[in-house]
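Undergrad: Have a look at the structure that comes next, please.
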Amino acid sequence: MAENKLLQNRNILIIALILIVLFAVLLYSIYRQRLLKNDKQILLLEQDALRIQMNPHFVFNALNSIKLYVINNDQKNAVFYLNKFSKLIRKILESSNVKEVTLGEELKTMNLYMSIENIRFSNAIIYTEDISEYLNVETIKIPPLILQPFLENAIWHGLSSKKGEKKVQLSIHKQVKEFIQIDIEDNGIGREAAFRIKSNKTLNRKSIGIDLTKERLKNFSIQFEKEYSLIYTDLIDEKGKVKGTKVSLKIPLV
């Protein structure tokens, strides 16, 4: 009897161990499936974001603007901006293969982007950067091309319909230890006026770019267990009139 009981208990233990192993394998399989699904979603987001940055209208308009320098026999500027354009395209293509870049690389890419977009405004947009001296832009990592949609919005929603002086300023500082804050400020027509103009257009590519950027920021922030924040502020002068828009983006650090 005692031997039968012992044998029965051993069989029960073996069965229990097998069930535990099978359950562990099942849990690991589910975990792997979720990881693969998440990686696939992130890859699709990055590919969609690349398609937004590489929009045919942007490429066509940029080359068309450079062509005008050739037509006007301005060889120096034609070569200068064609060189910038080729560097920008190369950086955009390179960014499709990486999940993160240094803040320094992102700023270089944004400088190229602003230079190319500015051609269509006869270089009338004054673009400035205010980077805190306490930040090491070569060690801080952010998703590639994350700032482009916000700069694009500042140009095409805020400044394209504005008369007179046009300004865009990008400021970066560390608000607290775990975050950097990036502010993009323009002296454009403001969100309300821009929305009225935008509502009369059928193309909504800019909003798509912002939506994709939010998803990318969300995925980027998950690894830090800290959430990013995005705040739009209407800038008002002392007379209560709109004097521009500020976008404040808070991104977690390692």
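The values are calculated or read from the model by the stated rules, or taken from the named source; none is laboratory data. As the structure is a prediction and not an experimental result, all values here were calculated from the model. We place every Cβ from the backbone using ideal geometry, glycine too, and count neighbours over all the protein chains shown. When the accessible area is computed, the model is the full protein with side chains, heavy atoms only, and any ligands, DNA or RNA have been set aside. Shrake-Rupley method; radii C 1.70, N 1.55, O 1.52, S 1.80 Å.
Undergrad: Kindly indicate the residue of segment 120-139 that is closer than 15 Å to Ala154 by Cα and in a strand (DSSP E or B) and also least open to solvent (accessible area, probe 1.4 Å) among those meeting that condition.
TA: Per the criteria, the residue is Ile125.
Undergrad: Would segment 174-196 turn up any residue that is part of a helix (DSSP H, G or I) and open to solvent by less than 80 Å² (accessible area, probe 1.4 Å)?
TA: yes
Undergrad: I'm trying to understand the selection: among the residues of segment 207-221, which are at pLDDT below 80 and open to solvent by 70 Å² or more (accessible area, probe 1.4 Å)? Before you say what the answer is, go through the steps one by one.
TA: Within segment 207-221, the first condition is being at pLDDT below 80, and the residues that meet it are 207-209.
Once the filter is applied, which keeps residues that are at pLDDT below 80 and open to solvent by 70 Å² or more (accessible area, probe 1.4 Å), segment 207-221 yields only Ile208.
Undergrad: Considering only residues of segment 176-206 that are modelled with pLDDT under 75 and not aliphatic (A, V, I, L, M), which is nearest to Glu152 (Cα to Cα)? Working first, answer last.
TA: So the first thing to find is which residues in segment 176-206 are modelled with pLDDT under 75, and the list is 198-206.
Still in the running and not aliphatic (A, V, I, L, M): 198-202, 204-206.
Values: Lys198: 14, Ser199: 17, Asn200: 19, Lys201: 16, Thr202: 18, Asn204: 13, Arg205: 11, Lys206: 8 Å.
Among them, the one singled out is Lys206.
Undergrad: Next up: Go through segment 140-170 and give me each residue that's open to solvent by less than 50 Å² (accessible area, probe 1.4 Å) and among the hydrophobic types (A, V, I, L, M, F, W, C).
TA: Hits for segment 140-170 are Ile140, Ile142, Leu145, Ile146, Leu147, Phe150, Leu151, Ala154, Ile155, Leu159, Val168, Leu170.
Undergrad: Quick check on Leu170: is it outside any loop (DSSP other than H, G, I, E, B) and touching an Asp or Glu at 6+ places or on another chain (Cβ under 6 Å)? Outline the logic, then answer.
TA: Numbers: outside any loop (DSSP other than H, G, I, E, B): yes; touching an Asp or Glu at 6+ places or on another chain (Cβ under 6 Å): yes.
Considered against the rule, which asks whether it is outside any loop (DSSP other than H, G, I, E, B) and touching an Asp or Glu at 6+ places or on another chain (Cβ under 6 Å), Leu170 comes out as yes.
Undergrad: List the helices (runs of 4 or more DSSP H) inside segment 1-119, counting only whole elements, that have at least 2 residues being farther than 25 Å from Ile172 by Cα and either under 18 Å from the mean Cα position of the chain (by Cα) or modelled with pLDDT of 75 or more (or both).
TA: Numbers: elements: 2-53, 56-71, 75-95, 103-119.
Result: 2-53, 56-71, 75-95.
Undergrad: For segment 108-119, which positions are of a type outside the set (Ser, Thr, Tyr) and surrounded by 19 or more Cβ atoms within 10 Å (Cβ to Cβ)? Explain how you work it out, then say what you get.
TA: Keep residues of segment 108-119 that are of a type outside the set (Ser, Thr, Tyr), which gives 108, 110-112, 114, 116-119.
Within segment 108-119, Met110, Leu112, Met114, Ile116, Glu117, Asn118, Ile119 qualify.
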